[in-house]
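Some notes on the structure that comes next.
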Amino acid sequence: MTAQIIDGKAFAATLREKIAIHVAHLKRQYGITPGLAVVLVGEDPASQVYVRSKGKQTLEAGMNSYEHKLPADTTEAELLALIGQLNADPKVHGILVQLPLPGHLDEALVINAIDSTKDVDGFHISNAGLLATGQKGMVPCTPLGCLILLREFCGSLSGLNAVVIGRSNIVGKPMAQLLLRDSCTVTVVHSRTRNLQEIVRGADVVVAAVGRPLFVQGEWIKPGATVIDVGINRIEQSDGTTRLVGDVDFDSAKEVAGAITPVPGGVGPMTIACLLANTLTACCRMHSLPEPDGLTA
Ligand code: NAD
């Protein structure tokens, strides 16, 4: 058996088109342009790449992009003052502070200073609480992207056994909440789980968010299961070059799974598409306009 490959890149492109159409409608009908502000503190090279890519895709969707690049020695007071300005700015519907922040800045304090209705990363404590209690809030982009792919490829998720590997606040925990909301029976496994392989073997849906290259082996997968690989790991090859791999050993897993996301080209492109979706959702809510279907959980 060879799994269906879930083409996240193509699916994200379709999602971005749908968003762009709705953005054009908002402009035409109401004269409103959704705006996303991205704040980058310091010069972390990976963060710079992400921020550039987010800005480019925001503009391509027809939204306004506001980039704020601050030096690495920015004080907490300066950063909080900028967030205060963005919170008060009616042109800004979404605010994203690129993580990680330099060590002298308190990430939780900074994230919780963002107006929760503009928190398009969904990391604010209010949004985490809304998700945990099944209420409407902003949903973290990566788990939202995984959920949209799963709904597309599995149809109804109700009653399925889902295993989430990893319990981080940005992926594992919100992913588990979303799967629970879609009526899966959810197990979260982590670094201290004793019989991890056995638990994964019982899963109809596996979401791997571990940060360990090629961790999940094909022999752990239940035949026909849907496997979503969140991991992004750079590994060195014998010729000295590097390549990106996921947390799942794709070659062995694709022989057993029913459907599987590749790395790259799976979850990654969905994350930015969902950031645009969240910005559009935030804009619609702020103006009390109907939200387009299929863009949130
Ligand atoms: P994290 O380091 O915060 O969390 C990793 C989790 O994996 C922890 O909860 C830990 O308990 C668990 N874990 C570690 N070793 C384990 C083991 N041996 N067995 C079982 N569980 C183990 O990482 P994160 O931020 O959740 O990210 C996870 C991966 O997803 C990383 O590779 C990251 O780069 C990637 N990621 C990708 C996207 C995307 O857009 N595709 C977004 C966010 C994160």
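Applying the set (1) open to solvent by 80 Å² or more (accessible area, probe 1.4 Å); (2) part of a helix (DSSP H, G or I); (3) among the charged types (D, E, K, R) to ASP73 leaves exactly one unmet item: (2). Checked against the criterion of being over 30 Å from THR226 (Cβ atoms) and touching a Cys at 6+ places or on another chain (Cβ under 6 Å), the candidates HIS93, HIS104 yield just one match: HIS93. Checking each residue in the range 34-53 for being among the charged types (D, E, K, R) and surrounded by 17 or more Cβ atoms within 10 Å (Cβ to Cβ) picks out only ASP44. Take GLY294 and decide whether it is within 12 Å of the ligand (Cβ to nearest atom), of a type in the set (Gly, Ala, Ser), part of a loop (DSSP other than H, G, I, E, B) and open to solvent by 20 Å² or more (accessible area, probe 1.4 Å). Here the answer is no, as GLY294 does not meet what is asked. Residue check: is LEU280 under 16 Å from the mean Cα position of the chain (by Cα), away from the ligand (no atom under 16 Å from the Cβ) and closer than 26 Å to VAL186 by Cα? So LEU280 fails the test. Only a single criterion out of (1) away from the ligand (no atom under 15 Å from the Cβ); (2) open to solvent by 50 Å² or more (accessible area, probe 1.4 Å); (3) more than 28 Å from VAL120 (Cβ to Cβ) is not satisfied by PHE153, namely (3). Being outside any loop (DSSP other than H, G, I, E, B) and among the β-branched types (Val, Ile, Thr) is the filter here; which residues of the range 81-95 pass it? Those that are outside any loop (DSSP other than H, G, I, E, B) and among the β-branched types (Val, Ile, Thr): ILE83, ILE95.
Exactly one residue out of LEU86, LEU59 is surrounded by 13 or more Cβ atoms within 10 Å (Cβ to Cβ) and out of contact with any Gly (no Cβ under 6 Å at 6 or more places or on another chain), and it is LEU86. Considering the range 226-241, the residues that are under 30 Å from GLY155 (Cα atoms) and within 16 Å of the ligand (Cβ to nearest atom) include one that is most open to solvent (accessible area, probe 1.4 Å), namely ILE232. Anything in the range 214-225 that is within 11 Å of the ligand (Cβ to nearest atom) and either aliphatic (A, V, I, L, M) or more than 20 Å from MET175 (Cα to Cα) (or both)? List them, or say none. Residue satisfying the conditions is VAL216 alone. Taking the criterion of being polar (S, T, N, Q) and away from the ligand (no atom under 14 Å from the Cβ), the residues of the range 178-211 that qualify are SER183, THR185. Considering LEU79, LEU160, LEU130, the condition of being of a type in the set (A, V, I, L, M), in contact with a strand residue (DSSP E or B) (Cβ under 7 Å, 6 or more places away or on another chain) and not assigned by TED's automatic domain parsing to the domain that holds ALA225 is satisfied by LEU79 alone. Scanning the range 137-147 for residues that are within 13 Å of the ligand (Cβ to nearest atom) and not polar (S, T, N, Q) returns PRO140, CYS141, PRO143, LEU144, GLY145, CYS146.
The values are calculated or read from the model by the stated rules, or taken from the named source; none is laboratory data. Since the model is a prediction, treat every value here as computed from it, not as a measurement. Neighbour counts run over all protein chains shown; Cβ positions are idealised from the backbone, glycine included. Calculation scope for accessible area: heavy atoms of the full protein, side chains included, ligands and nucleic acids excluded. Shrake-Rupley method; radii C 1.70, N 1.55, O 1.52, S 1.80 Å.
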